[in-house]
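Scroll down for the structure; my scribbles are underneath it.
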Amino acid sequence: WDNADFSKGVGTTYYQEFLTLNMDKPPFIRDVEGKVRRYLRSSYSAVWTLKITWEKAPAYAARTDTRRTNTYQAILTTDGFRSYVLMLYQEGGMGWDYTRLAAPNVLIGYT
């Protein structure tokens with residue numbers, strides 16, 4: 001994990017909250033529920049989900065390179081008892097030049 005740097009006006013962050021208690025679930029929520037069910041082999045019905053997208057985010061420090069960007073999402077979801085995070089990356093993986101990052105031990109994901 002590394003810091004994205006939006007200080008040069010390149011890239012955008014979006015978020016969308018989904019309250020799904022007692023309402024029809026949009027296709028996005030059904031997809032999230034399907035992923036949780038498939039990966040964890042358990043029943044799951046989301047009551048709240050937050051989707052955060054970092055689009056074309058340059059790595060810190062953006063002053064050195066704003067051409068190599070990364071697009072990724074974090075999806076936080078809960079059924080009120082269990083909570084999950086899905087980390088999704090644009091096909092093609094990390095676009096940042098990891099040899100120029102402040103910390104050379106780069107991982108995609110979280111711990």
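The values are calculated or read from the model by the stated rules, or taken from the named source; none is laboratory data. Source: prediction; values computed, not measured. Cβ sites come from the backbone with ideal geometry, for glycine too, and all protein chains shown count toward neighbours. Note: accessible area is taken over every heavy atom of the protein model, side chains too, but ligands, DNA and RNA are not part of it. Shrake-Rupley method; radii C 1.70, N 1.55, O 1.52, S 1.80 Å.
Going by the conditions given, is T71 farther than 26 Å from S7 by Cβ and assigned to a strand (DSSP E or B)? No, not satisfied. Of all residues in region 12-23, those that are touching a residue at least 40 places away in the same chain (Cβ under 8 Å) have Cβ atoms under 9 Å from Cβ atoms of residues that are outside any strand (DSSP E or B) and among the aromatic types (F, W, Y), 6 or more apart or on another chain, in T12/F6; T13/F6. Screening region 7-23 for residues that are closer than 15 Å to D79 by Cα and of a type outside the set (V, I, T) and picking the one that is least open to solvent (accessible area, probe 1.4 Å) gives F18.
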